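The values are calculated or read from the model by the stated rules, or taken from the named source; none is laboratory data. Computed from a predicted model, the values in this text were never measured in an experiment. In this analysis, Cβ positions are derived from the backbone assuming ideal geometry, glycine residues included, and neighbour counts consider all displayed protein chains.
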Amino acid sequence: MVLCGVYILSQLKIHMGEISSFACQEKANRIISQAAQDILEKSGENDFLDISYGNDGRIISAEINSAKVNSLQNDIITAVNESFSDVGNVKTEIPVGTLTGIAYLSGRGPELDVRIDLLGSVKSKIRSSFESAGVNQTKFSLYLDITADMKAVLPVRTKAVSAERSILISESIIVGEIPQTYLSGLCDSKMK
């Protein structure tokens, strides 16, 4: 009888931790996505890339507008942190059969209400990339990578949980001049 009780308690700890991790990650991803969407909609169309042109109209350089990007990053992180503090805790229902660890009983039985207190911090990092997008065309992408490190405080234990989300902030195609040798090669091949 004692062994049965110890087994059930150990299974409760394991499965409650797994299920709470999924519930916390789902909630964190929703919070991050909603906060980012709200801030991006409020900020409107921002040009995060400054392109410099020469006297002849050709592109000389392209630079990220750091002030605009840092301001947007700060606004999003502030909104995410405020949303996390508003949540307080996550409630989920777990069927008792799932907590036993026996596959046949999974999803069966009365549901146990579990309250998970979320405590944590949010970190972010700006990531940009320039990729080839055709002949003398470059695709510029700007991302905000957000990581929420949380602790789920459960009735039987505390579990560390991490949720990561990458938000596309801006994407642009920079079109350069097509070289004459490329154009003449195309014309020559079409004439044949």
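Considered as a group, the residues in region 144-155 that are surrounded by fewer than 18 Cβ atoms within 10 Å (Cβ to Cβ) and not basic (Lys, Arg) include one that is farthest from Asp75 (Cα to Cα), and that residue is Pro155. For region 144-157, a residue qualifies if it is part of a strand (DSSP E or B) and in contact (Cβ under 8 Å) with a residue 40 or more places away in the chain, and the qualifying residues are Leu144, Ile146, Ala148, Met150, Ala152.
Check Ser128, Ser141, Ser85, Ser71 and return the single one that is surrounded by fewer than 16 Cβ atoms within 10 Å (Cβ to Cβ), on the phi < 0 side of the Ramachandran plot, free of Cβ contacts under 8 Å to residues at least 40 places away in the same chain and not in a helix (DSSP H, G or I).
Selected residue: Ser141, the only one of Ser128, Ser141, Ser85, Ser71 that is surrounded by fewer than 16 Cβ atoms within 10 Å (Cβ to Cβ), on the phi < 0 side of the Ramachandran plot, free of Cβ contacts under 8 Å to residues at least 40 places away in the same chain and not in a helix (DSSP H, G or I).
Which of the residues spanning region 29-41 are surrounded by 10 or more Cβ atoms within 10 Å (Cβ to Cβ) and free of Cβ contacts under 8 Å to residues at least 40 places away in the same chain?
Within region 29-41, Arg30, Gln37 meet the criteria.
Residues that are at pLDDT 80 or above, closer than 19 Å to Asp117 by Cβ and in contact with a Gly (Cβ under 9 Å, 6 or more places away or on another chain) occur in region 26-37; there is at least one. Among the listed residues Ile146, Ile174, which satisfies the condition of being more than 30 Å from Pro95 (Cα to Cα), touching a Phe, Trp or Tyr at 6+ places or on another chain (Cβ under 8 Å) and at pLDDT 70 or above? None of the others qualify; the one that does is Ile174.
Summed over region 65-103, the residues that are among the β-branched types (Val, Ile, Thr), under 29 Å from Ile167 (Cα atoms) and more than 21 Å from the chain's Cα centre (by Cα) give a count of 1.
Condition check: at negative phi, in contact (Cβ under 8 Å) with a residue 24 or more places away in the chain and not basic (Lys, Arg). Does Ala160 satisfy that? Walk me through how you get there before you give the answer.
Values: at negative phi: yes; in contact (Cβ under 8 Å) with a residue 24 or more places away in the chain: no; not basic (Lys, Arg): yes.
No.
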